[in-house]
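Only one structure is covered here, and it is reproduced in the block below.
Readers should treat all values here as calculations from the given coordinates under stated rules, not as data from a laboratory. Bear in mind that the values here come from a model prediction, so they are computed numbers and not experimental data. Heads up, the Cβs are rebuilt from the backbone with ideal geometry, glycines too, and the neighbour counts pull from every protein chain shown.
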Amino acid sequence: MAQLDRLWRALKLISSARDLALDKRRYQWEVEPPNTFFLNAEHADIHLKPHDEARIVTSIELRGSFAWQVATDQDEAGVYIIARRKAIVGSIGRGRFDVLLPRGIHMSLRLEHCRLHMDDLNGDIEFPPDVYESP
């Protein structure tokens, strides 16, 4: 019985540590196309989806949140998100970005080792020939 009690306490401790290491953030910016959305991220899953509102809505989930540095800003040209992993401890961090974008917005993405998912696309997209090369 004592072993079961110790196991239960250990599981609760692990669950608490996991919750502390997970950070969920939500940002919202009012914009008017043709503003630009700029995202600089690494080691993240990114999901971009258009919507019919004049705002950018971003939900960010950071695993190993202590391993991340995130900065956001907005000016007359657009919205900027920079998410970088810290040196040394950053190797355990992983991020997820779910972004709702107004139709007609320009996008500029600087990604390193990311997975990109884009919904409801229309138009042409060009990637440079070195898109699969290491920076």
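Brief remarks follow.
- Checking region 75-88 against the condition returns no match, with no residue being among the small types (Gly, Ala, Ser), exposed (fewer than 11 other Cβ atoms within 10 Å of the Cβ) and assigned to a strand (DSSP E or B).
- Subset of region 46-55 (residues that are part of a strand (DSSP E or B) and either under 17 Å from Leu121 (Cβ atoms) or of a type in the set (Ser, Thr, Tyr) (or both)): Ile46, His47, Leu48, Lys49, Pro50, His51
- Matching option when the condition is in contact with a helix residue (DSSP H, G or I) (Cβ under 6 Å, 6 or more places away or on another chain), closer than 19 Å to Arg26 by Cα and buried (at least 16 other Cβ atoms within 10 Å of the Cβ), among Gly64, Gly95: Gly64
- Top-ranked residue in region 98-135 [being assigned to a strand (DSSP E or B) and of a type in the set (Asp, Glu); ranked as surrounded by the fewest Cβ atoms within 10 Å (Cβ to Cβ)]: Glu112
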